Amino acid sequence: MSGDPAIRGESGRMNERMQPEPRHIAIIMDGNGRWAARRGLPRAEGHRRGVEAVRSTVQAAIELGIPYLTIFSFSSENWSRPETEINDLLGLMKRFIRRDLTTLHRNGVRIRIIGDREGRDSEILEMITDAERTTKDNARLNLIVAFNYGSRSEIAQAARQLAMEVQKGALAPADITPERFAGALQTADVPDPDLLIRTSGEHRLSNFLLWQLAYAEFLFVDVFWPDFTKEHLVKAIDAYRRRDRRFGGLSETIKA
Ligand code: IPE
Ligand code: IPE
Ligand code: MG
């Protein structure tokens, strides 16, 4: 058995073939509030520092050549937080787009927003639409921001859309395949995430990309989001590359 850690899995198991770099990394950026509480600071300060971590993570993804990065910035359930915190979060989102759009565009980042756009803050909607339009031809990094996003709602919406096509006679029920269904989701032209990272030590999905994460590798990192650095991202990618993705089949080592 090789002692070279480069060819051994996380569990110490032999894994002769390293996975290629992940094409798509999805991140549940969690722990801003606890980061602040530990320091006796208001939660808003945690969110502010969280935006800085977003900035450096996007930069790191560009440097590492990751083509798709999805970040969970506000869930459809986050509206149940106190109004002041919601306002802080919306304010930070607006400020992020206002301040960073030019730099992101210059760096070849294409921005896309997934989530429910109905009936929410019109200013933010306009900003989002503008950011998507401005950056639509960029291809270096696809940055997908999940904002007012809930996966069950996204899935229900896709089912509704397909049902309407069936009702019109444009689609037969038998044609509703997984591929067709995926095409009705907001992530239609985005490959499924290969790697999901959640910070802060919580081990749950919180209604994030339930369909798309079917075969992703999960990695739970024990730091609060504001402390997440390029080094954590590099380590996460490294751990991912040692995983043995079988997709229901047999490991390459066993097959050989
Ligand atoms: C993540 O940090 C940011 C959002 C969910 C918007 P939290 O605000 O959830 O921080 P914790 O989990 O309370 O520490
Ligand atoms: C998930 O974090 C949503 C975002 C990171 C935007 P939460 O902090 O809202 O999730 P729960 O409530 O702990 O499951
Ligand atoms: Mg949280």
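Measuring from label point to label point, each 7 Å out along Cα→Cβ, what is the Arg39 to Arg99 span in nm?
Calculated label separation equals 1.4 nm.
Out of the stretch 170-212, which chymotrypsin sites (Phe, Trp or Tyr not before Pro) are coil in DSSP terms and have no more than 16 other C-beta atoms within 10 Å?
Filter output for the stretch 170-212: Trp211.
Can you work out the accessible area per residue across the chain, with the rest of the protein chains kept in place, probe 1.4 Å, in square angstrom?
53 Å²
Taking the Cα centre of the chain as origin, sum charge times position over the Cβ atoms of Lys and Arg (+1) and Asp and Glu (-1), and report the length of that vector in debye to the nearest 20.
In total the dipole reaches around 320 debye.
Among Ala60, Trp79, Thr102, whose Cα lies farthest out toward the positive end of the dipole of the chain, if unit charges sit on the beta carbon of Lys, Arg (+1) and Asp, Glu (-1)?
Positive-most Cα among the choices belongs to Ala60.
Taking H placed 1.01 Å from N in the peptide plane, check which residues at least 5 places from Arg81 or on another chain put their amide H under 5 Å from its amide H.
none
Check each of the GluC sites (Glu not before Pro) in the stretch 196-256 and keep only those in coil by DSSP with at most 14 other C-beta atoms within 10 angstrom; list them in order.
Passing sites in the stretch 196-256 are Glu202.
How many percent of the accessible area of the stretch 78-146 is carbon or sulfur, using a 1.4 Å probe?
Ligands and nucleic acids excluded, carbon and sulfur give 45 percent.
Taking H as built 1.01 Å from N, whose amide H comes closer than 5 Å to the amide H of Arg110, not counting residues under 5 places away?
Here Arg140, Leu141, Asn142, Leu143 satisfy the definition.
Once the piece of chain linking Leu125 and Glu252 is laid out straight, how much longer is it, given 0.36 nm per residue of separation minus the C-alpha distance between them?
Difference between extended and current length: 41.0 nm.
So if I take the centroid of the Cα atoms in the stretch 94-113 and the same for the stretch 152-180, what is the distance between those two points in Å?
33 Å
So how much slack lies between Ala214 and Leu64, counting 0.36 nm per residue of separation and subtracting their Cα-Cα distance, in nm?
Taking 0.36 nm per residue and subtracting the Cα distance, the gain is 51.5 nm.
Quick one: dipole size for the stretch 126-256, taken about the Cα centre, charges +1 on Lys/Arg Cβ and -1 on Asp/Glu Cβ, in debye to the nearest 20.
300 debye
If Lys and Arg each add +1 and Asp and Glu each add -1, what is the summed charge of the other residues whose beta carbon sits under 12 Å from the beta carbon of Trp35?
So the surrounding residues net to +2.
Using a Gaussian network model of the chain with C-alpha springs under 10 Å, which one of Met127, Met29, Met93 is most mobile by mean-square fluctuation?
So, out of Met127, Met29, Met93, the one fluctuating most is Met127.
For the charge dipole of the stretch 80-202, defined by +1 on Lys and Arg C-beta atoms and -1 on Asp and Glu C-beta atoms about the Cα centroid, which residue among Ala139, Leu196, Ala184 has the Cα displaced farthest towards the positive pole?
Looking along the dipole axis, the top candidate is Ala139.
I need the fraction of alpha carbon pairs in the chain separated by more than 30 Å, rounded to a whole percent.
For the chain, the fraction of Cα-Cα distances above 30 Å is 33 percent.
Along the stretch 147-155, what does the Karplus equation 6.51 cos²θ - 1.76 cosθ + 1.60 (θ = phi - 60°) give for ³J(HN,Hα), rounded to whole Hz, x for Gly and Pro?
Calculated HN-Hα couplings, in order: 10, 6, 9, x, 5, 5, 5, 4, 5 Hz.
About the Cα centre of the stretch 53-127, what is the dipole size in debye to 20, counting +1 per Lys and Arg Cβ and -1 per Asp and Glu Cβ, all else neutral?
400 debye
Using the Cβ atoms and a cut-off under 13 Å, what net charge is assigned to the surroundings of Glu165, where Lys and Arg are +1 and Asp and Glu are -1?
Net local charge, Glu165 excluded: +2.
With a cap of 13 neighbouring Cβ atoms within 10 Å, and only residues DSSP puts in a loop, list the trypsin sites (Lys or Arg not before Pro) found in the stretch 196-240.
The qualifying sites are Arg204.
Going from the alpha-carbon gyration tensor of the stretch 131-230, what semi-axes, largest first and in whole Å, does one get by taking the root of 5 times each eigenvalue?
Rounded to whole Å, the semi-axes are 30, 18, 12.
The values are calculated or read from the model by the stated rules, or taken from the named source; none is laboratory data. This one's a predicted model, so the numbers in the text were calculated from it and none came from an experiment. Counting neighbours? That spans all protein chains shown, and the Cβs are built from the backbone with ideal geometry, glycine included. For the accessible areas, the whole protein counts, side chains as well, though only heavy atoms, and no ligand, DNA or RNA atoms are used. Shrake-Rupley method; radii C 1.70, N 1.55, O 1.52, S 1.80 Å.
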